[in-house]
Structures are given as structure tokens and as C-alpha cells.
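Asks: Take a look at this one; I'll ask things after.
The values are calculated or read from the model by the stated rules, or taken from the named source; none is laboratory data. Quick caveat, the model's predicted, so the values are computed rather than measured. Heads up, the Cβs are rebuilt from the backbone with ideal geometry, glycines too, and the neighbour counts pull from every protein chain shown. These accessible areas exclude ligands, DNA and RNA; they are computed on the full protein's heavy atoms, side chains included. Shrake-Rupley method; radii C 1.70, N 1.55, O 1.52, S 1.80 Å.
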Amino acid sequence: MRLYVGGLPYQTNENDLISLFEQVGTVTSATVITDRETGRSKGFGFVDMSTTEDGQRAIEQLNGTLLGQRTITVNEARERQAAGVSQRHSNYR
């Protein structure tokens, strides 16, 4: 199960995410999204949990908790929208 993790402190790295999420289940991968030009964290990332059950447990136990001085958001990742297609017009034919 792929999870979105928002509100990350800017110094958070992939190993930090793995360490945090391994407390509730098996992590298969973790990625912190960075700015292409500066290499600085954008404050969010994704964690892949090995099972849906581990993912749900991570959401229940970690959403709204503190990491560093910031409250993180953890929820199921949504599919990325196609570039140039707004949500409002995606069903327009």
C-alpha cells in the first residue's frame, strides 16, 4: 500500500521515514520528494508498506503525530492526475 506523507520537516530523509514507519509494519520503500533545481525537500514523500493492513495501521497510528517540530499527515496516496487536466473537467466529453 502506497502512503502519502505530508508536513515533513525539511531535513527528513528516506532513512528517517523507514525508521518511523517500520515501527508499525514492513516498509518496502520510502521516498522524500525534492526540488529538482535546489535538491531541497518539498516537505512530503511516499512510503510503500508491504500489505494493506500495515498501511492502514500506519495511517491510524502516525497520522497527526509529531515528527521533529511538525505534525505529519499520513493517508493513502492517490493516483497522479494527468498534466493539464483539471479535476473539474476530467469527465467532460
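Asks: In segment 24-45, what count of residues is obtained for those that are part of a strand (DSSP E or B) and buried (at least 16 other Cβ atoms within 10 Å of the Cβ)? Walk me through how you get there before you give the answer.
Replies: Here is the first cut: in segment 24-45, the ones part of a strand (DSSP E or B) are 27-34, 41-45.
Going one step further and asking which of them are buried (at least 16 other Cβ atoms within 10 Å of the Cβ), we end up with 27, 30, 32, 41, 43-45.
Number of matching residues: 7.
Asks: Give me the pairs, please: first residue somewhere in segment 66-92 and at positive phi, second residue anywhere and modelled with pLDDT of 60 or more and surrounded by 10 or more Cβ atoms within 10 Å (Cβ to Cβ), beta-carbon distance under 6 Å, and either six or more positions apart or on two chains.
Replies: 68/9
Asks: Where residues in segment 46-61 are open to solvent by 40 Å² or more (accessible area, probe 1.4 Å) and touching a Ser or Thr at 6+ places or on another chain (Cβ under 8 Å), which of them is nearest to residue 73 (Cα to Cα)?
Replies: Top of the filtered list is 46.
Asks: Restricting segment 68-93 to residues that are surrounded by 10 or more Cβ atoms within 10 Å (Cβ to Cβ) and closer than 21 Å to residue 1 by Cα, which is modelled with the lowest pLDDT? Outline the logic, then answer.
Replies: Filtering segment 68-93 down to residues surrounded by 10 or more Cβ atoms within 10 Å (Cβ to Cβ) leaves 68, 70-77, 81, 85.
Next, from what is left, pick out any that are closer than 21 Å to residue 1 by Cα: 72-77, 81.
Working: 72: 98, 73: 98, 74: 98, 75: 98, 76: 97, 77: 96, 81: 70.
Here the residue is 81.
Asks: Additional query: Residues 20, 3, 8: which one is aliphatic (A, V, I, L, M) and either part of a loop (DSSP other than H, G, I, E, B) or open to solvent by 60 Å² or more (accessible area, probe 1.4 Å) (or both)? It would help to see each step written out before you state the result.
Replies: On the way: 20 fails: either part of a loop (DSSP other than H, G, I, E, B) or open to solvent by 60 Å² or more (accessible area, probe 1.4 Å) (or both); 3 fails: either part of a loop (DSSP other than H, G, I, E, B) or open to solvent by 60 Å² or more (accessible area, probe 1.4 Å) (or both).
After applying the criteria, what remains is 8.
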